[in-house]
1. Past 29 Å, Cα to Cα, is the threshold; run Lys66/Lys110; Lys45/Lys114; Lys109/Lys239; Lys109/Lys233 against it and keep the listed order.
2. Could you order the peptides 105-115, 251-261 from most to least packed, using the average number of other C-beta atoms within 10 Å per residue?
3. Rounded, prolate or oblate for the stretch 154-248? Axes are the square roots of the Cα gyration tensor eigenvalues, ordered a ≥ b ≥ c, and the cut-off for rounded is a/c under 1.5.
4. Report the rotationally averaged projected area of the stretch 255-347 based on its alpha-carbon convex hull, in square nanometres.
5. Please compute the net charge surrounding Glu187, taking Lys and Arg as +1 and Asp and Glu as -1 over other residues with Cβ under 12 Å from its Cβ.
6. Between Leu77 and Ala269, what is the spin-label point distance in nm, taking each point 7 Å from the Cα along the Cα→C-beta axis?
7. Can you give the FRET efficiency for Glu298 and Lys11, using 1/(1 + (r/R0)^6), R0 = 41 Å, r = Cβ-Cβ distance, to the nearest 0.05?
8. List, largest first, the extents of the alpha carbons of the chain along their principal axes, each in whole Å.
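The values are calculated or read from the model by the stated rules, or taken from the named source; none is laboratory data. As the structure is a prediction and not an experimental result, all values here were calculated from the model. Cβ sites come from the backbone with ideal geometry, for glycine too, and all protein chains shown count toward neighbours. All accessible areas refer to the heavy atoms of the entire protein, side chains included, with ligands and DNA or RNA removed. Shrake-Rupley method; radii C 1.70, N 1.55, O 1.52, S 1.80 Å.
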Amino acid sequence: MNTRKHRVSLKEVAEHLGVHPTTVSVVLNNVPGRSISQATRDRIKAAAKEFRYQPSLIARSLRNQKTLSIGILVPDLAESYHNQIVGGIGDHLMESGYFYFTAHHRRKKKLIDKYSQMLLGRGADGLIAIDTPLEHFFPVPAVGVAAHRPIPGITNVVLDHRRAAELILTHLWSLGHRRIVFVRGQEFSGDARERWRYLLEVAHEKGIPVRPELVFQLKSDTHSPELGFPVVKQLISRKEQFTAVVAFNDMSAIGMIRALADAQIRVPADVSIIGFDDIEAAEFTIPRLTTVRQPLSEMGRTAAQCVLQRIQRTEVFRQEITVEPDLVVRESTAAKSREKLKFSSKL
């Protein structure tokens, strides 16, 4: 039983075991290529546990010039989209023996600059920025998820938004929908610009009308389903006729389903709704949400793998890594109804 009151040093552990301090260091830092018997390794690990000895990360980083830590920049930690990506990053980093720091900046430019420098100042070996507008080169390997802006030295992990647009519009067109509401994302979102660009491009190619009166843009920076309510309120107040809605994301789609139900408009019997992202809640709404699946956890893992490979210099720099989407057809889309919408004044 360890009764020492002070922090035990590596030298004291070595003296207790009767071995050289280097042997203790090699075992506890998992240094490869050293011939040390398993019995000795087990004795060293048992003694370290008994004395609660922890190798010094600072000392090791000074020797190796690596801290085995990664900095993650994210707009908000309350949104499922961001959390699923961070989860994928964290899983890969933990499996690889790396630690990570997460800083959320609320999309404030000064905080993005400040926090990136603080992470570097704390010795981060690399940076991963999620949905964050980076503007310059970094002295360490850096990867952006959904960044879209090409910057020297930064690899972007992005979804194939053109393919996503094709999946959405082909699905709704095949169901007979012609009067389609398009909901654009907030102006601060890089994904919003790319998604809208390709929706317009694919709609033009397929001859699908994009009517200005049926195009809406999200304004508020909220992660609640309430995000979709203003769109439905405007549609109902104008008494617009439409049979389908392309939501910017799943959260706004869930809110629109609720708002339409309050106005006694049924989904999908009267109106079909298609979301985007495939967050965990999408499969449990009533009705279950048809959506474009972004492999968010996989995108996080890809970003983490890329930054580690660049740190270890095992991969040539790539400007962009493209990830493919899938269409997940559930219950919120169906063939176009032949009846016109009847509006309730309830909402």
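1. Lys45/Lys114; Lys109/Lys239; Lys109/Lys233
2. Going by the mean number of other Cβ atoms within 10 Å, highest first, we get 251-261, 105-115.
3. Judged from the Cα gyration tensor, the stretch 154-248 comes out oblate (a/c at least 1.5, b/c at or above a/b).
4. For the stretch 255-347, the mean projected area of the Cα convex hull comes to 8.1 nm².
5. +2
6. Distance between the two pseudo-spin positions: 4.4 nm.
7. For Glu298 and Lys11, the calculated efficiency is 0.35.
8. On the principal axes, the chain reaches 87, 44, 35 Å in Cα extent.
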